[in-house]
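Written below as structure tokens is the structure these notes are about.
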Amino acid sequence: MSGITDLDELLATMEPVLAEGRFAYACVPAGDVEKHLFRGPVGLFWEEEGVTLILPAETAQGLAAGAPMRMITLTVHSSLEAVGLTAAFATALTAQGISANVVAGYHHDHIFVPERDGERALETLRALSRAAREKGNRR
């Protein structure tokens, strides 16, 4: 299954879920990645400057890491070719003054927001989804 591409359907069914725990972004030299896999990263990304690890905040001890974040997963299976989903939720979060760092997995989008904004971001995304469902019901 390749995922949903229709923006209205994606928004109406995105069902955001706030993951347990806190997460942090850190960077390690590319040659050191294997030494850090014990930390249980949920994401890795290779860049020229090193490898970005997204990992449980409690495992980031000893690394230069960013501030703790919360992860919200959109449980809808969005296609990697879907157009407008990121723009729609980024616009809604921006209107609330919430920073968002987005990681697209094969099946779902994951949004990392500052820890202090986790619950507010979740409610913002739920409201966006409700509005999309109501719009669809009026058609």
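Below, the figures for the structure above:
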| read-out | value |
| --- | --- |
| Of residues in the stretch 62-77 being outside any strand (DSSP E or B) and of a type in the set (Val, Ile, Thr), the one farthest from Glu123 (Cα to Cα) | Val76 |
| Condition met for Leu80 (in contact with a Phe, Trp or Tyr (Cβ under 9 Å, 6 or more places away or on another chain), assigned to a helix (DSSP H, G or I) and touching a residue at least 60 places away in the same chain (Cβ under 8 Å)) | no |
| Selection status of Glu123, in the same structural domain as Ile4 (by TED's automatic domain parsing), at pLDDT 95 or above, farther than 20 Å from Thr5 by Cβ and of a type outside the set (A, V, I, L, M, F, W, C) | yes |
| Per-region count, the stretch 14-56, residues surrounded by 13 or more Cβ atoms within 10 Å (Cβ to Cβ), of a type outside the set (A, V, I, L, M, F, W, C) and over 16 Å from the mean Cα position of the chain (by Cα) | 3 |
| Cβ pairs under 9 Å, 6+ apart, first in the stretch 100-120 and free of Cβ contacts under 8 Å to residues at least 40 places away in the same chain, second assigned to a strand (DSSP E or B) and aromatic (Phe, Trp, Tyr) | Ala100/Phe112; Val102/Phe112 |
| Selection from the stretch 87-139 of residues that are touching a helix residue (DSSP H, G or I) at 6+ places or on another chain (Cβ under 8 Å), assigned to a helix (DSSP H, G or I), surrounded by 15 or more Cβ atoms within 10 Å (Cβ to Cβ) and among the aliphatic types (A, V, I, L, M) | Ala88, Ala92, Leu93, Ala121, Leu125, Leu128, Ala132 |
| Condition met for Ile72 (free of Cβ contacts under 8 Å to residues at least 40 places away in the same chain, touching a helix residue (DSSP H, G or I) at 6+ places or on another chain (Cβ under 9 Å) and within 17 Å of Leu128 (Cβ to Cβ)) | no |
| Candidate set: the stretch 34-51, residues that are part of a strand (DSSP E or B) and in contact with a Pro (Cβ under 9 Å, 6 or more places away or on another chain); chosen: the one nearest to Thr73 (Cα to Cα) | Val51 |
| Residue match in the stretch 1-17 (condition: at pLDDT below 95, more than 23 Å from Arg133 (Cα to Cα) and assigned by TED's automatic domain parsing to the domain that holds Glu134) | yes |
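The values are calculated or read from the model by the stated rules, or taken from the named source; none is laboratory data. Predicted, not measured: the structure shown is a model, and the values here were computed from it. Methodologically, a virtual Cβ is constructed for each residue, glycine included, from the backbone with ideal geometry; neighbour enumeration extends over all protein chains shown.
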